Amino acid sequence: EALKPSFRDYTEEIVKNAKSMAEEFLSLDYKIVSGGTDTHVVLIDLTNKNITGKEAEKYLGKAGIHLNKNMVPFDTKSPFVTSGIRVGTPALTTRGMGPDIMRQIVHWIDNVITKPGEDHLIKSIRQEIRDLCAKYPIYKH
(Lines give C-alpha, C1' and ligand atoms only; values in the text may rest on other atoms or scores of the structure.)
Protein backbone atom coordinates (compact mmCIF):
# COMPACT_ATOMS: atom_id res chain seq x y z
CA GLU A 1 0.00 0.00 0.00
CA ALA A 2 2.81 2.40 0.91
CA LEU A 3 4.32 1.98 -2.56
CA LYS A 4 1.22 3.28 -4.31
CA PRO A 5 1.11 6.94 -5.41
CA SER A 6 -2.24 7.31 -3.62
CA PHE A 7 -0.53 6.59 -0.30
CA ARG A 8 1.90 9.46 -0.85
CA ASP A 9 -1.05 11.75 -1.64
CA TYR A 10 -2.80 10.58 1.54
CA THR A 11 0.25 11.23 3.73
CA GLU A 12 0.68 14.68 2.19
CA GLU A 13 -2.96 15.45 3.08
CA ILE A 14 -2.34 14.29 6.66
CA VAL A 15 0.57 16.72 7.03
CA LYS A 16 -1.37 19.53 5.31
CA ASN A 17 -4.21 19.02 7.80
CA ALA A 18 -1.81 19.04 10.76
CA LYS A 19 -0.19 22.25 9.50
CA SER A 20 -3.58 23.94 9.16
CA MET A 21 -4.43 22.91 12.74
CA ALA A 22 -1.10 24.22 14.03
CA GLU A 23 -1.60 27.56 12.27
CA GLU A 24 -5.10 27.92 13.71
CA PHE A 25 -3.91 27.06 17.22
CA LEU A 26 -1.17 29.68 16.90
CA SER A 27 -3.73 32.29 15.81
CA LEU A 28 -5.61 31.56 19.08
CA ASP A 29 -2.49 32.11 21.23
CA TYR A 30 -1.61 28.46 21.80
CA LYS A 31 2.03 27.51 22.21
CA ILE A 32 2.97 24.86 19.67
CA VAL A 33 6.09 22.92 20.61
CA SER A 34 8.62 23.59 17.82
CA GLY A 35 6.42 26.40 16.49
CA GLY A 36 4.45 24.20 14.10
CA THR A 37 4.60 20.73 12.61
CA ASP A 38 6.05 18.82 9.69
CA THR A 39 4.34 15.58 10.69
CA HIS A 40 0.89 14.17 11.47
CA VAL A 41 0.94 15.47 15.06
CA VAL A 42 0.62 18.85 16.76
CA LEU A 43 2.07 19.05 20.28
CA ILE A 44 0.51 21.90 22.27
CA ASP A 45 1.83 23.44 25.48
CA LEU A 46 -1.21 24.50 27.53
CA THR A 47 0.75 26.33 30.24
CA ASN A 48 -0.70 29.71 29.25
CA LYS A 49 -4.27 28.33 29.17
CA ASN A 50 -4.59 27.46 32.89
CA ILE A 51 -5.54 23.84 32.25
CA THR A 52 -3.52 20.66 32.52
CA GLY A 53 -3.18 18.08 29.78
CA LYS A 54 -5.08 15.61 31.94
CA GLU A 55 -8.02 18.00 32.39
CA ALA A 56 -8.05 18.94 28.71
CA GLU A 57 -8.02 15.26 27.68
CA LYS A 58 -10.95 14.54 30.04
CA TYR A 59 -13.17 17.46 28.99
CA LEU A 60 -12.40 17.08 25.29
CA GLY A 61 -13.16 13.35 25.52
CA LYS A 62 -16.58 14.17 26.95
CA ALA A 63 -17.11 16.44 23.94
CA GLY A 64 -16.20 13.62 21.55
CA ILE A 65 -12.70 14.89 20.75
CA HIS A 66 -10.22 12.18 21.59
CA LEU A 67 -6.59 13.11 21.98
CA ASN A 68 -3.80 12.47 24.45
CA LYS A 69 -2.30 14.41 27.28
CA ASN A 70 1.42 14.77 26.63
CA MET A 71 4.45 16.13 28.40
CA VAL A 72 6.13 19.14 26.83
CA PRO A 73 9.80 20.15 27.04
CA PHE A 74 10.74 21.29 30.57
CA ASP A 75 7.31 20.22 31.83
CA THR A 76 6.80 21.01 35.51
CA LYS A 77 3.89 18.59 35.82
CA SER A 78 4.13 14.84 36.29
CA PRO A 79 3.69 12.41 33.38
CA PHE A 80 0.29 11.55 34.86
CA VAL A 81 -0.90 15.17 34.65
CA THR A 82 1.21 16.93 31.96
CA SER A 83 1.15 20.47 30.65
CA GLY A 84 0.30 19.57 27.08
CA ILE A 85 -1.84 17.68 24.61
CA ARG A 86 -1.05 15.89 21.36
CA VAL A 87 -3.47 16.16 18.44
CA GLY A 88 -3.20 13.92 15.38
CA THR A 89 -4.79 14.13 11.95
CA PRO A 90 -4.59 10.67 10.27
CA ALA A 91 -8.04 9.44 11.34
CA LEU A 92 -9.66 12.74 10.32
CA THR A 93 -7.88 12.66 6.97
CA THR A 94 -8.95 9.05 6.39
CA ARG A 95 -12.56 10.21 6.76
CA GLY A 96 -11.97 12.78 4.01
CA MET A 97 -11.82 15.90 6.17
CA GLY A 98 -9.64 18.78 4.99
CA PRO A 99 -8.07 22.01 6.28
CA ASP A 100 -11.34 23.93 6.72
CA ILE A 101 -12.69 21.23 9.00
CA MET A 102 -9.36 21.09 10.87
CA ARG A 103 -9.78 24.77 11.68
CA GLN A 104 -13.34 24.14 12.94
CA ILE A 105 -12.07 21.33 15.16
CA VAL A 106 -9.43 23.67 16.60
CA HIS A 107 -12.19 26.12 17.55
CA TRP A 108 -14.16 23.34 19.26
CA ILE A 109 -11.00 22.36 21.16
CA ASP A 110 -10.41 25.99 22.11
CA ASN A 111 -13.99 26.41 23.35
CA VAL A 112 -13.68 23.38 25.63
CA ILE A 113 -10.22 24.35 26.90
CA THR A 114 -11.15 27.95 27.64
CA LYS A 115 -14.45 26.97 29.30
CA PRO A 116 -13.65 23.63 30.96
CA GLY A 117 -16.46 21.79 32.64
CA GLU A 118 -19.30 23.75 31.04
CA ASP A 119 -21.63 20.82 30.46
CA HIS A 120 -24.01 22.61 28.07
CA LEU A 121 -21.07 23.63 25.86
CA ILE A 122 -19.58 20.13 25.93
CA LYS A 123 -22.95 18.61 25.04
CA SER A 124 -23.45 21.06 22.16
CA ILE A 125 -19.99 20.41 20.73
CA ARG A 126 -20.45 16.64 21.09
CA GLN A 127 -23.60 16.89 18.94
CA GLU A 128 -21.85 19.03 16.32
CA ILE A 129 -19.07 16.44 16.18
CA ARG A 130 -21.58 13.61 15.77
CA ASP A 131 -23.19 15.52 12.90
CA LEU A 132 -19.79 16.11 11.29
CA CYS A 133 -18.77 12.45 11.63
CA ALA A 134 -22.06 11.38 10.04
CA LYS A 135 -21.08 13.43 6.96
CA TYR A 136 -17.62 11.83 6.91
CA PRO A 137 -18.11 8.15 7.80
CA ILE A 138 -15.15 5.88 8.46
CA TYR A 139 -16.44 3.30 6.01
CA LYS A 140 -18.11 4.21 2.76
CA HIS A 141 -20.57 1.74 1.29
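Observations on the structure shown:
- Residue match in the stretch 67-74 (condition: without any contact (Cβ under 8 Å) to a residue 24 or more places away in the chain and among the aromatic types (Phe, Trp, Tyr)): yes
- Residue count for the stretch 3-23 under the criterion of being outside any helix (DSSP H, G or I) and open to solvent by less than 50 Å² (accessible area, probe 1.4 Å): the result is 0.
- Test set (1) open to solvent by 50 Å² or more (accessible area, probe 1.4 Å); (2) touching a Phe, Trp or Tyr at 6+ places or on another chain (Cβ under 8 Å); (3) farther than 15 Å from Ala56 by Cβ - Arg95 fails condition number: (1)
- Just one of the listed residues (Asp29, Asp100) is open to solvent by 20 Å² or more (accessible area, probe 1.4 Å), acidic (Asp, Glu) and in a helix (DSSP H, G or I), namely Asp100.
- Residues in the stretch 119-135 that are touching a helix residue (DSSP H, G or I) at 6+ places or on another chain (Cβ under 8 Å) and more than 20 Å from Asn68 (Cα to Cα): Leu121, Glu128, Leu132.
- Evaluation of Arg86 against the conditions (1) part of a strand (DSSP E or B); (2) touching a helix residue (DSSP H, G or I) at 6+ places or on another chain (Cβ under 6 Å) shows that the sole unmet condition is (2).
- Candidates Pro90, Pro116 - the one that is touching a residue at least 24 places away in the same chain (Cβ under 8 Å) and closer than 19 Å to Val15 by Cα: Pro90
- Scan of the stretch 103-131 for residues that are touching a Gly at 6+ places or on another chain (Cβ under 7 Å), surrounded by 13 or more Cβ atoms within 10 Å (Cβ to Cβ) and not hydrophobic (A, V, I, L, M, F, W, C), ordered by number: Arg126
The values are calculated or read from the model by the stated rules, or taken from the named source; none is laboratory data. Not measured: the values here are computed from a predicted model. As a convention, Cβ positions derive from the backbone with ideal geometry for all residues, glycine included, and neighbour counts pool all protein chains shown. Remember, those area values only see protein heavy atoms, side chains included, never the ligands or the DNA or RNA. Shrake-Rupley method; radii C 1.70, N 1.55, O 1.52, S 1.80 Å.
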